[in-house]
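The values are calculated or read from the model by the stated rules, or taken from the named source; none is laboratory data. The structure presented is a predicted model; accordingly, all values stated were derived computationally and were not measured. So basically every Cβ, Gly included, is an ideal-geometry build from the backbone, and we count neighbours across all protein chains shown.
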Amino acid sequence: MQLGTVELGVWGVTDVGVARKNNEDTFLMVDLSDKSELVHASSSEVNDKGILLIVSDGMGGENAGEVASAITVASMRDYVLAGLHDDPGEALAASVVHANMKVIESATAPERAGMGAAVVSVLVRKGVAHLTEVGDCRAYLHRAGTLTQLTKDQTHVQVLIDQGLMTPEAAKKSRAKSVVLQAVGKTEELSVTQRALTLRDGDRLLLCSDGLTVNVTDAEIGEKLGGDLEGAIESLIALANERGGIDNVTVVIAEATGALAPSRAEEKVTDTLETFREFEVGGSST
């Protein structure tokens, strides 16, 4: 690594799980500087255009969920690569809106009617991780030994938790835990949550489909992210499958090192995280 550069190590694995025959998850790790897809357990210098990471989960039980997630990921990649926005955060958010229309257009075929996808994405550029989210895929940050969930599930049970009508523990057992309030391809009006995280040296980001989080606790995710990352991703997927593997599970991990400020004990994650737009039930994003 050259002096003054930021390096991003990436790991990405998707698994069909135990209960399902097809995998409706899709993920992507791409270096935007040369349009090359990054392979599992590799490292790349973060250049001016940045590195894009996406995890998309086709709607379980819907028609052609795997098609919806594949279209979402490909459409987002192509839109960002087209370079229509100077601001990386706006480019990423606009790419989700673009993907939404592409999925809707593709869903006109009878065998694809009703398909949709959840998606979480990160574009790392110039020491900042720009994030978007729709649905219930998640992004986590592991910094200085502490795990923080960066995203917020856009689900019925999350609304009940926010209103104090359900505990997080009860939500995990609720039959409604998989009821997603919005998804790519479901409606022309989409509220894309947009955030930006200023990175610190050694930050570890994890993106995942809900096939991980329905079976593995945040405490367990945090413990695994504190160790060897290739081993972490393998053990997290194995743990999800050991506990039933009822859904596909996809995990992407990225570790940022190099010319970044060190984390400080007195600095809160919220001091480095800004939310520009956030999904609200019954209203527009803010």
If Asp48 satisfies all but one of (1) touching a residue at least 60 places away in the same chain (Cβ under 8 Å); (2) at positive phi; (3) surrounded by fewer than 23 Cβ atoms within 10 Å (Cβ to Cβ), what's the number of the condition it fails? (2)
Can you name the residue in the range 76-89 that is out of contact with any Ser or Thr (no Cβ under 7 Å at 6 or more places or on another chain) and part of a helix (DSSP H, G or I) and, of all such residues, is nearest to Ala118 (Cα to Cα)? Arg77
Scan of the range 193-216 for residues that are over 23 Å from Ala183 (Cβ atoms), of a type in the set (A, V, I, L, M, F, W, C) and in contact with a Ser or Thr (Cβ under 7 Å, 6 or more places away or on another chain), ordered by number: Leu197
Which residue out of Gly12, Gly89, Gly50 is in contact with a Pro (Cβ under 7 Å, 6 or more places away or on another chain) and at pLDDT 95 or above? Gly50
Quick check, is Ala144 of a type in the set (A, V, I, L, M) and surrounded by 21 or more Cβ atoms within 10 Å (Cβ to Cβ)? no
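The rows are residues; the columns are (1) modelled with pLDDT of 95 or more; (2) farther than 19 Å from Leu53 by Cα; (3) among the hydroxyl-bearing types (Ser, Thr, Tyr); (4) within 18 Å of the chain's Cα centre (by Cα).
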residue: Leu131; (1), (2), (3), (4): yes, no, no, yes
residue: Gly135; (1), (2), (3), (4): yes, no, no, yes
residue: Met166; (1), (2), (3), (4): no, yes, no, no
residue: Leu190; (1), (2), (3), (4): yes, yes, no, yes
residue: Ser209; (1), (2), (3), (4): yes, no, yes, yes
residue: Asn215; (1), (2), (3), (4): no, yes, no, yes
residue: Asp218; (1), (2), (3), (4): yes, yes, no, yes
How many residues does the range 76-107 hold that are buried (at least 21 other Cβ atoms within 10 Å of the Cβ) and free of Cβ contacts under 8 Å to residues at least 60 places away in the same chain? 5
Do you know which of the residues in the range 233-254 that are surrounded by fewer than 18 Cβ atoms within 10 Å (Cβ to Cβ) and not polar (S, T, N, Q) is nearest to the chain's Cα centre (by Cα)? Glu234
Return the total of residues in the range 19-41 being at pLDDT 95 or above and surrounded by fewer than 14 Cβ atoms within 10 Å (Cβ to Cβ). 6
Quick check, is Ser56 surrounded by fewer than 22 Cβ atoms within 10 Å (Cβ to Cβ), of a type in the set (Ser, Thr, Tyr) and either over 28 Å from Met115 (Cβ atoms) or touching a Cys at 6+ places or on another chain (Cβ under 9 Å) (or both)? no
Checklist (1) surrounded by fewer than 17 Cβ atoms within 10 Å (Cβ to Cβ); (2) in contact with a strand residue (DSSP E or B) (Cβ under 7 Å, 6 or more places away or on another chain); (3) farther than 25 Å from Ile237 by Cβ applied to Gln149, failing item: (3)
Could you check the range 179-238 and list, in sequence order, the residues that are among the acidic types (Asp, Glu) and in a helix (DSSP H, G or I)? Asp210, Asp218, Glu220, Glu223, Glu230, Glu234
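Can Gly83 be described as on the phi > 0 side of the Ramachandran plot, out of contact with any Asp or Glu (no Cβ under 6 Å at 6 or more places or on another chain) and at pLDDT below 95? Walk me through it before giving the result.
Numbers: on the phi > 0 side of the Ramachandran plot: yes; out of contact with any Asp or Glu (no Cβ under 6 Å at 6 or more places or on another chain): yes; at pLDDT below 95: yes.
Against the criterion (on the phi > 0 side of the Ramachandran plot, out of contact with any Asp or Glu (no Cβ under 6 Å at 6 or more places or on another chain) and at pLDDT below 95), Gly83 qualifies.
Which ones in the range 125-174 are of a type in the set (Lys, Arg), under 20 Å from Val97 (Cβ atoms) and in a loop (DSSP other than H, G, I, E, B)?
Selection gives Lys152 alone.
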Considering only residues that are among the small types (Gly, Ala, Ser), under 23 Å from His98 (Cα atoms) and in contact with a strand residue (DSSP E or B) (Cβ under 7 Å, 6 or more places away or on another chain), look in the range 175-204 and name the one that is surrounded by the most Cβ atoms within 10 Å (Cβ to Cβ). Gly185
Any residue that is modelled with pLDDT of 95 or more, under 23 Å from Ala64 (Cα atoms), touching a Ser or Thr at 6+ places or on another chain (Cβ under 9 Å) and among the β-branched types (Val, Ile, Thr) - is there at least one of those in the range 138-161? no
